[in-house]
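Reading through the structure tokens given below for one structure.
The values are calculated or read from the model by the stated rules, or taken from the named source; none is laboratory data. Since the model is a prediction, treat every value here as computed from it, not as a measurement. With ideal geometry, Cβ positions are generated from the backbone for all residues, glycine too; neighbour counts draw on all protein chains shown. Quick note on the areas: whole protein, heavy atoms, side chains included, nothing else; ligands and nucleic acids left out. Shrake-Rupley method; radii C 1.70, N 1.55, O 1.52, S 1.80 Å.
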Amino acid sequence: MAQIYAHTDADGFVLGFYVDELHGDAVPADATPIDNEHHALLLDGQSAGKRMKVSEDGLPLLVDPAPPTDEELSASLRLQRDTALARTNWLVERHRDETMFSDKTTLTKDQAAQLGAYRQALRDLPSVSGFPHVELPTAPDFIGV
């Protein structure tokens, strides 16, 4: 039966797996042998969002991933903010065109004001106290995003 090996980084986190019958001499010398059952458990745990790790004594472990850093949270929130702004660009442009070229607009004055306030709140998000540990502003109901 083929032997499975877990190749890990310096902290014991699994970088990949090798099978002796398939990889032969390419199996890293420091790879840890694991049995089929533990290999399957590690893969199942990874599918559930866990990180695969091998302890110093060779036991396979599943650990929770590290929480995101403030920089990662900030980048993610800025991307969500930018996406929300982009999703409303068409509505702003339509309202501007309607205002410029006709007497009738699809948005009421109140809706246009709500849209403007929502978009300003999105732009101001990075300056909100507690950023990046804050929620995106709630879009007005009529926007449908």
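Residues of region 77-92 being open to solvent by less than 80 Å² (accessible area, probe 1.4 Å) and without any contact (Cβ under 8 Å) to a residue 40 or more places away in the chain, which ones?
Matches in region 77-92: D82, T83, L85, A86, N89, V92.
I need the full set of residues from region 121-131 which are under 18 Å from D82 (Cα atoms), out of contact with any helix residue (DSSP H, G or I) (no Cβ under 9 Å at 6 or more places or on another chain) and open to solvent by 50 Å² or more (accessible area, probe 1.4 Å), in order please.
D124, S127
List every residue pair whose Cβ atoms lie under 9 Å apart, where the two residues are 6 or more positions apart in sequence or sit on different chains, the first residue falls within region 51-70 and is outside any loop (DSSP other than H, G, I, E, B), and the second residue, located anywhere, is among the charged types (D, E, K, R) and open to solvent by 80 Å² or more (accessible area, probe 1.4 Å).
R51/D64; K53/D11; L61/R51; L62/D44; L62/R51; V63/R51
Which of the residues belonging to region 84-109 are acidic (D, E) and either within 17 Å of P137 (Cα to Cα) or under 35 Å from the mean Cα position of the chain (by Cα) (or both)?
E93 - this is the single residue of region 84-109 that is acidic (D, E) and either within 17 Å of P137 (Cα to Cα) or under 35 Å from the mean Cα position of the chain (by Cα) (or both).
L61 fails exactly one of the following numbered conditions: (1) farther than 30 Å from G116 by Cβ; (2) open to solvent by 60 Å² or more (accessible area, probe 1.4 Å); (3) in contact with a Leu (Cβ under 8 Å, 6 or more places away or on another chain). What is the number of that condition?
For L61, the failing item is (3).
Return the residues of region 110-120 that are under 25 Å from the mean Cα position of the chain (by Cα) and open to solvent by 40 Å² or more (accessible area, probe 1.4 Å); say none if nothing qualifies.
Q120
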